[in-house]
1. Scan the stretch 40-58 for residues that are surrounded by 14 or more Cβ atoms within 10 Å (Cβ to Cβ) and either within 16 Å of Gly112 (Cβ to Cβ) or among the acidic types (Asp, Glu) (or both) and jot them down.
2. Within the stretch 169-226, which residues are of a type in the set (D, E, K, R), modelled with pLDDT under 95 and within 22 Å of Tyr30 (Cα to Cα)?
3. So, Asp103, is that one under 15 Å from the mean Cα position of the chain (by Cα) and more than 17 Å from Leu39 (Cβ to Cβ) or not?
4. Which residues, counting only those in the stretch 98-146, are surrounded by fewer than 20 Cβ atoms within 10 Å (Cβ to Cβ) and of a type in the set (S, T, N, Q)?
5. I need a count of the residues in the stretch 1-14 that are modelled with pLDDT under 70 and under 19 Å from Leu87 (Cβ atoms).
6. Just give me the residues in the stretch 123-143 being under 22 Å from Phe208 (Cβ atoms), touching a strand residue (DSSP E or B) at 6+ places or on another chain (Cβ under 7 Å) and of a type in the set (A, V, I, L, M), in sequence order.
Amino acid sequence: MTVDNRVQWDHYWGETGKVGRVYGWIASFYRRFVIAPGLRRNLSKHVSDSGRILHAGAGAGEIDLALRNKWGLVSIDFSSRAVRLNLLRGLAAGHRSRVVQADIFALPFAGGQFEVSFNLGVMEHFTDSQVVHALREMRRVTSAQRYLIIYWPPAWGPTVLALQTVSRILRLVGRKSTQLHPPEINLFRSRSHCEAMLFEAGLRAVRFRYGPQDMFTHVVITAQPM
């Protein structure tokens, strides 16, 4: 990832404007109380009690709070601000955290270290070729015959449509500089489009799920190395 990307994400995690604070609070609540419980149940199906898991794009660590006391969690993020917030949140909760500032396109781990590698709301910020690159790196550090789990917001998802509406309203009232989050240039479009990128990354889809478990926020893709 580029320096511009890092600046953009540091700005997002350090946003202090009124609109940014409100959005940040809502997003944090949603991650902790809607998405995290379902993710924990999903991971429980694929990870042994002492298994190591990688959160590749962990942000400020709201999701990680629900996972640290069960598995050997390692979290990475490209943003130094996100890593700092994640560490502080873990310390405040009494958790020993391993949080690393790293690039998802060049993960600083040897091959096959993790039972599951996963992320949520990351791939939509990448081009197709970048998605394939990220998936290859996640596959590399995941044990053979284990799993990648990707939570990918669809273009038709209610939260995506709601945020697009809010952004249009903000532009109409003169807040053109207000950006709720970095651009989502590659929302989930179709199963076939996703399967083509998985195949190019040396992965095969095991399951696609979309439903009320996380209030229709993500398509959840479970994949394995071919």
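The values are calculated or read from the model by the stated rules, or taken from the named source; none is laboratory data. Computed from a predicted structure; not experimentally measured. Note: ideal-geometry Cβ built from the backbone for every residue, glycine included; neighbour counts use all protein chains shown.
1. The answer is His46, Val47, Gly51, Arg52, Ile53, Leu54, Ala56.
2. Of everything in the stretch 169-226, those that are of a type in the set (D, E, K, R), modelled with pLDDT under 95 and within 22 Å of Tyr30 (Cα to Cα) turn out to be Glu184, Asp214.
3. yes
4. Scanning the stretch 98-146 gives Gln101, Gln113, Thr127, Ser129, Gln130, Ser143, Gln145.
5. 0
6. Met123, Leu135, Met138 - these are the residues of the stretch 123-143 that are under 22 Å from Phe208 (Cβ atoms), touching a strand residue (DSSP E or B) at 6+ places or on another chain (Cβ under 7 Å) and of a type in the set (A, V, I, L, M).
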